[in-house]
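The block underneath contains the structure these notes are about, expressed in structure tokens.
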Amino acid sequence: MPAAIEIKSLSKVYGNGFKALNGLSLTVEQGDFYALLGPNGAGKSTTIGILSSLVKKTDGKVRIFGCDIDTDFSKAKEFIGVVPQEFNFNMFEKVEDIIINQAGYYGLPRAIAKERSEKYLKKLGLWDKRAEPSRGLSGGMKRRLMIVRALIHEPKLLILDEPTAGVDIELRRSMWQFLTEINEQGTTIILTTHYLEEAESLCRNVGIINNGELVENTSIKNLLKQLTKETFVFDLAAPLDVPPTIDGYTVEKTDNATLEIAVDKGQSLNVIFDQLTQKGVSVISMRSKSNRLEELFVSLVESSQAGKGGAS
Amino acid sequence: MTPKQQYVAFETLIRKEVRRFTRIWVQTLIPPVITMALYFVVFGALIGSRIGEMGGFDYMSFVVPGLIMMSVINNSYSNVVSSFFSAKFSKSIEELQVSPTPSYIIMLGYVGGGALRGLIVGGIVTTVSLLFVDLHIQHIWVTILVVLLTSILFSIAGMINAIFAKSFDDISIIPTFVLTPMTYLGGVFYSISLLPEFWQGVSKLNPVLYMVNAFRYGMLGVSDVNIYVSLAGIMMFVVIAAGVCLYLLERGKKMRT
């Protein structure tokens, strides 16, 4: 069974000399839910652009479900549905026309296109808007419209470039649920996102790109195992003038009633509570300072940059 | 894609293009008809009556084929240049680029839409002209062939313009500074036999002259240039323009980075 995506030594140099990809190699297996992460300008969108034929590669090999894009891009395109970062539909066209036209570009007969359009528009809560010009939709609806458009030919691989950017929490959760559902039905999904919580919740595997190179490619579980330190925030019942000292832990006071304590992997939280209790400090709530994956992401990106002499 | 799937993609593009220009019919179908009706009144009925005969016909009859051809040329060109550039500008062209639709189907779809608008406007202008002149078409098949090839040629030309265009200014430069002078100096309003020999020679370098005269030959049976040369020339231009357009689409010129 061929991989959903097989990228070998992919490079891209833009006309202005900017090297966006620098020998990127990456494999995404069929059925995977894969997160492609990286800071702005790392090469994520360029990679997606090459996969979807919007960007010409400079060098390297790309196979999509076994089809080489150099020799059979037309066939490879049939396997892919793309949800881009920016809205890229005609704002004057009606919602349903956008979907049915897209089906037509994949050669789907009109009757089937109408059937599927109804199915997906209903599924993503846009059926009532089908006869309205797309410019009248809210930002979240426009994002969902692009997902319906990408799914209309029922692709084996769905690529989503920051699909939940600017989407409210409730809608984001419903989109996560929908994506999980179609992944369980067999669709391979590649997702780029800046919400690392999103990658942690949805994806099985993750690739981190920086400066056009893959700096990490592993499962989310393995990645989280690399986490060596986590910072917890403690909200105190009463203000303190001086932060208490706790042996073996770094304690910082962010304001009079809030402490931040860094905890290394394997260290116990009980020790912190015991010592705080002994010192008469009462804790009313505790939370992790930031997303765990976010900390790892920052450290991986920083170490890859340090390895390159701090290039950004 | 199988041939059947390619046909579905072609049909989708045609349907989309027709829906676009019929949705904004007040901007696309009515203005050219009003302009041409004014040409008929001013140049044909008012001034034309003082000009007398041209090419063996009263001026009104002489000018009608040229004006019909002018409306076909302008509308075929402007439909594709505007539609394709708007798709590029809004990035909705990516809907086609990510799909397996082959470049030649994309070209045929847009060109088909442009040619249809040119032919519809040409048809309406012809109908309006009947209010001013009795038309007796001399060579119906030549008339149909010329108007069809001309609408196709200028649709392709509009597409090439749109491929290169980076801004809305770029899609008005060619129609204003190239297309309009070529049309006005292409024998729409006069027979080039009225010109000194040197300017007759210069006029013969203008491809629009051959289209207008071939169409006039179809309608009135007279032409300033050889009809076979005209037909061969138009066909040659269609083939060359289609080849250039297809090459640019395949290369993703100004569309793929």
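The values are calculated or read from the model by the stated rules, or taken from the named source; none is laboratory data. Source: prediction; values computed, not measured. Every residue, glycine among them, receives a Cβ derived from its backbone with ideal geometry; neighbour counts consider all protein chains shown. Note: areas computed on protein heavy atoms with side chains; ligands, DNA, RNA excluded. Shrake-Rupley method; radii C 1.70, N 1.55, O 1.52, S 1.80 Å.
Quickly work out the B:Phe177-to-B:Ser90 label distance, labels modelled 7 Å from Cα along the C-beta direction, and quote it in nm with one decimal.
2.9
Take the alpha carbon atoms of segment B:211-257, find their center, do the same for segment B:103-147, and report the distance between the two centers in whole angstrom.
15
Could you state how much accessible area A:Ile182 has, in square angstrom rounded to the nearest 10, with a 1.4 Å probe and all protein chains kept in place?
Its accessible surface works out to 10 Å², give or take rounding.
Is there a simple number for the mean count of other chain Cβ atoms within 10 Å of the Cβ of residues in A:95-101, and what is it?
Other-chain Cβ atoms within 10 Å of each residue's Cβ, averaged: 3.
Suppose a student asked you for the relative contact order of chain A, using Cα pairs under 8 Å spaced at least 6 residues apart; what percent would you report?
Across chain A, relative contact order equals 19 percent.
Any idea which of B:Cys245, B:Ile144, A:Thr188 is furthest toward the positive side of the dipole for the protein assembly as shown, if Lys and Arg beta-carbons carry +1 and Asp and Glu beta-carbons -1?
After comparing all options, I get B:Ile144.
Would you jot down the residues in segment A:42-56 that end up with at least 10 Å² less accessible area in the complete protein assembly than in the chain alone, with a 1.4 Å probe?
Residues losing area: A:Ser52, A:Ser53, A:Leu54, A:Val55, A:Lys56.
Between B:His139 and B:Leu205, what FRET efficiency follows from the Cβ-Cβ distance if R0 is 22 Å, with the result rounded to 0.05?
Efficiency at R0 = 22 Å is approximately 0.30.
Quick check: with the 1.4 Å probe, what order do A:His194, B:His136, A:His153 take by accessible area, largest first?
Descending accessible area places them as B:His136, A:His194, A:His153.
Do you know the relative contact order of segment B:136-220, to the nearest whole percent, from alpha carbon pairs under 8 angstrom that are 6+ apart?
The normalised contact order for segment B:136-220 reaches 56 percent.
So how far apart, in nm, are the two label points at A:Ile112 and B:Tyr104 if each is 7 Å from Cα heading toward Cβ?
The modelled label-to-label distance comes out at 2.4 nm.
Can you give the accessible area of A:Asp247 in Å² (nearest 10), computed on protein heavy atoms with a 1.4 Å probe?
120
For every other residue with a beta carbon closer than 11 angstrom to the beta carbon of A:Thr258, add +1 if it is Lys or Arg and -1 if Asp or Glu, then tell me the sum.
Charge balance near A:Thr258 sits at -1.
Under 12 Å from the Cα of A:Lys253, which aspartates and glutamates turn up, not counting those fewer than eight places away in the same chain?
A:Asp235, A:Asp241
Counting pairs of alpha carbon atoms under 8 Å apart in space and at least six apart in sequence, what relative contact order in percent does chain B give?
Computed over chain B, the figure is 25 percent.
If you place +1 on the Cβ of every Lys and Arg and -1 on the Cβ of every Asp and Glu, how big does the dipole about the Cα centre of segment A:166-253 come out, in debye to the nearest 20?
Magnitude of the dipole: close to 260 debye.
Report, to the nearest whole %, how much of the accessible area of the protein assembly as shown belongs to carbon and sulfur atoms, 1.4 Å probe, protein only.
Carbon and sulfur atoms account for 57 percent of the accessible area of the protein assembly as shown.
Might you tell me the accessible area per residue for chain B, computed with a 1.4 Å probe and given in Å²?
45
Once amide H atoms are placed 1.01 Å from N in the peptide plane, what residues at a sequence separation of 5 or more from A:Val55, or on another chain, have their amide H within under 5 Å of its amide H?
Under 5 Å from the amide H of A:Val55 lie the amide H atoms of A:Ile50, each far enough along the sequence or on another chain.
What are the ³J(HN,Hα) couplings of segment A:183-189, residue after residue, when phi is run through the Karplus curve with 6.51, -1.76, 1.60 and θ = phi - 60°? Round to Hz, x for glycine and proline.
5, 5, 7, x, 7, 6, 10
Just checking the output field for A:86-92: average partner chain Cβ neighbours within 10 Å of each residue's Cβ?
Other-chain Cβ atoms within 10 Å of each residue's Cβ, averaged: 5.
Give the accessible surface of chain A per residue, rounded to a whole number of Å², with probe radius 1.4 Å and ligands, DNA and RNA excluded.
Heavy-atom SASA per residue in chain A reads 45 Å².
Nearest 0.05, what FRET efficiency do A:Glu184 and A:Glu132 give at R0 = 30 Å with Cβ-Cβ as r?
E between A:Glu184 and A:Glu132, to the nearest 0.05, is 0.45.
Any idea of A:Thr58's accessible area? Nearest 10 Å², probe 1.4 Å.
80
In what sequence, largest accessible area first, do B:Val238, A:Val62 appear using a 1.4 Å probe?
These residues rank, largest area first, as B:Val238, A:Val62.
How high is the FRET efficiency between A:Lys229 and A:Ile169 when r is their beta carbon distance and R₀ equals 25 Å, given to the nearest 0.05?
0.35
Treating the beta-carbon of each Lys and Arg as +1 and of each Asp and Glu as -1, no other charges, what is the dipole magnitude of chain B about its Cα centre, to the nearest 20 debye?
Taking the Cα centre of chain B as origin, the dipole is about 900 debye.
Kindly sort B:Trp25, A:Trp127, A:Trp176, B:Trp141 by accessible area of their heavy atoms, largest first, with the probe set to 1.4 Å.
B:Trp141, B:Trp25, A:Trp127, A:Trp176
Using the structure shown, list the pairs from A:Lys8/A:Lys221; A:Lys19/A:Lys57; B:Lys16/B:Lys91 with a Cα-Cα distance above 18 Å, or answer none.
From the list (A:Lys8/A:Lys221; A:Lys19/A:Lys57; B:Lys16/B:Lys91), the Cα-Cα distance tops 18 Å for A:Lys8/A:Lys221.
Other chains' Cβ within 10 Å of B:89-96 residues: what's the mean?
The per-residue average across the peptide is 6.
Divide by every residue of the protein assembly as shown the summed helix terms, -39500 (n - 2.57) for each DSSP H run of at least 4, and state the resulting mean residue ellipticity at 222 nm, rounded to the nearest 500 deg cm²/dmol.
Rounded to the nearest 500, it is -16000 deg cm²/dmol.
May I ask for the distance between the Cα centers of segment B:8-38 and segment A:125-151, given as a whole number of Å?
26
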